[in-house]
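Chemist: Here you go, one structure.
The values are calculated or read from the model by the stated rules, or taken from the named source; none is laboratory data. Remember, it's a predicted structure, so these values are computed and weren't measured experimentally. Heads up, the Cβs are rebuilt from the backbone with ideal geometry, glycines too, and the neighbour counts pull from every protein chain shown.
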Amino acid sequence: MRRIARVLSLLLALSGLSAPAVYGQERQQESGFTLGQNYPNPFNPTTRIPFELFEDLFVDGKTAVVSLRIYNILQQFVAAPTALNHSSGDGGPLINLEYVQPGRYEAYWDGRDVSGRQVASGIYFVQITVNGQINVMKMWVAK
């Protein structure tokens, strides 16, 4: 496992790219939300991605605009997970969806890219954006 991480770091350094930052739980709570670790992880072929929106995002009737995006190690967009238990209904991509109340929420990813092809084994990053604040978490696809 360490060897894979070293190889990926070397590839990123040679390509001039940097890995997305992965923030700790404390930093996420300060921003009014947390991105939980997907489960199962590693996964094949599907996974669920939990996140929580805290009350301070909804002060004075404000809403939280949330997006989840999946990227590969080259920081290329791969897919947008599906929103679960959203007021607009299940099944839509979790891109710029408005949430009106705090709580624990979940997204579902079927392991497919935007073209509908099953992604390869490897490391992927899930990025959450809430009202312009971004956090990132690492995921593994294992076949």
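Chemist: Taking the residues in region 66-109 that are touching an Asp or Glu at 6+ places or on another chain (Cβ under 8 Å) and of a type outside the set (A, V, I, L, M, F, W, C) as candidates, determine which candidate is nearest to residue 46 (Cα to Cα).
Modeler: Only one residue tops the list, namely 82.
Chemist: Continuing with this model, one more query. Among the numbered criteria (1) at negative phi; (2) at pLDDT 95 or above; (3) surrounded by 11 or more Cβ atoms within 10 Å (Cβ to Cβ), which one does residue 92 miss?
Modeler: (2)
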